[in-house]
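S.K.: If you scroll down you'll find the structure; I have some questions about it.
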């Protein structure tokens with residue numbers, strides 16, 4: 001489902017290259033639930049962006065659901081993501097002028113699909129039945145994240161990427177979000193890759209990849225031990 005080959009990303013810092021992802025290679029199988037963990041500054045979010053095609057690597061390549069992302073231009077990557085990829089972010093990224101249901105409907109409408117019933121069903125599924133006509137400002141942080149989850153799963157994505165999905169939530173609300181994510185992963189068969197500092201969330205994953213200084217130092221999926 002996801003193959004990273006010698007993936008490297010560097011930026012110029014003070015006129016010198018700063019390597020934030022260093023020659024990373026691994027494969028993720030379909031329907032897997034993978035957590036990427038590590039200290040702040042270890043390259044987790046940069047790696048997630050590369051895997052999702054939100055950024056281009058300095059070296060190496062990503063093959064996502066059979067598609068070599070290096071062969072696509074920006075528009076091509078955007079189309080690919082809209083068809084097969086869902087996203088959940090720490091800061092929710094809901095459109096403030098749209099209701100919860102309208103936020104969930106957006107990706108469906110962009111695909112020309114009948115959106116209203118699907119959006120209502122998903123909001124019910126994440127425990128927001130009766131809240132569908134509320135705007136983001138009228139929802140708690142946990143409710144907003146559940147709207148974001150419903151939106152991410154609305155197109156039945158083959159792959160879901162999440163960046164600290166419980167980072168802005170209290171422990172109880174985070175646990176509810178974790179439960180919803182794992183249930184949807186099992187029911188829909190979506191491959192999930194997430195960055196997290198949440199030990200409870202990482203413990204739910206089938207596989208944990210740990211980064212330090214831009215490199216993989218532990219991967220429970222291939223027997224690689226921490227160093």
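S.K.: Given (1) closer than 29 Å to residue 215 by Cβ; (2) in contact (Cβ under 8 Å) with a residue 24 or more places away in the chain; (3) more than 18 Å from the chain's Cα centre (by Cα), where does residue 74 come up short, assuming only one miss?
M.R.: (2)
S.K.: Further, regarding this structure: State all residues of the range 99-113 that are in a loop (DSSP other than H, G, I, E, B) and either touching a strand residue (DSSP E or B) at 6+ places or on another chain (Cβ under 9 Å) or crowded, with 18+ Cβ neighbours inside 10 Å (or both); if no residue qualifies, say none.
M.R.: Matches in the range 99-113: 99 only.
S.K.: Please note which helices (runs of 4 or more DSSP H) are completely contained in the range 141-213 and include at least 3 residues that are surrounded by fewer than 21 Cβ atoms within 10 Å (Cβ to Cβ), more than 14 Å from the chain's Cα centre (by Cα) and free of Cβ contacts under 8 Å to residues at least 24 places away in the same chain.
M.R.: 171-188
S.K.: Please give the number of the condition residue 219 fails out of (1) over 23 Å from residue 117 (Cβ atoms); (2) crowded, with 21+ Cβ neighbours inside 10 Å; (3) modelled with pLDDT of 90 or more.
M.R.: Tallying (1) over 23 Å from residue 117 (Cβ atoms); (2) crowded, with 21+ Cβ neighbours inside 10 Å; (3) modelled with pLDDT of 90 or more, residue 219 fails exactly one: (2).
S.K.: In the range 117-140, what residues are under 17 Å from residue 94 (Cα atoms) and assigned to a helix (DSSP H, G or I)?
M.R.: 119, 120, 122, 123, 136, 137, 138
S.K.: For the range 65-98, enumerate the residues that are part of a strand (DSSP E or B), touching a helix residue (DSSP H, G or I) at 6+ places or on another chain (Cβ under 7 Å) and modelled with pLDDT of 90 or more.
M.R.: 67
S.K.: Filter the range 131-143 down to residues that are at pLDDT 90 or above and within 20 Å of residue 180 (Cβ to Cβ), then give me how many there are.
M.R.: Residues in the range 131-143 being at pLDDT 90 or above and within 20 Å of residue 180 (Cβ to Cβ): 7 in total.
S.K.: Within the range 18-29, is even one residue at pLDDT 90 or above, surrounded by fewer than 20 Cβ atoms within 10 Å (Cβ to Cβ) and outside any strand (DSSP E or B)?
M.R.: The answer is yes; a qualifying residue exists.
S.K.: Here's another thing I want to ask about it. Residue check: is residue 116 in contact with a helix residue (DSSP H, G or I) (Cβ under 9 Å, 6 or more places away or on another chain) and surrounded by fewer than 17 Cβ atoms within 10 Å (Cβ to Cβ)?
M.R.: yes
S.K.: Does any residue of the range 41-50 turn out to be buried (at least 20 other Cβ atoms within 10 Å of the Cβ), touching a helix residue (DSSP H, G or I) at 6+ places or on another chain (Cβ under 8 Å) and under 23 Å from residue 150 (Cβ atoms)?
M.R.: Checking the range 41-50: not a single residue is buried (at least 20 other Cβ atoms within 10 Å of the Cβ), touching a helix residue (DSSP H, G or I) at 6+ places or on another chain (Cβ under 8 Å) and under 23 Å from residue 150 (Cβ atoms).
The values are calculated or read from the model by the stated rules, or taken from the named source; none is laboratory data. Every value quoted in this text rests on a predicted model; they were computed, and no experiment measured them. We place every Cβ from the backbone using ideal geometry, glycine too, and count neighbours over all the protein chains shown.
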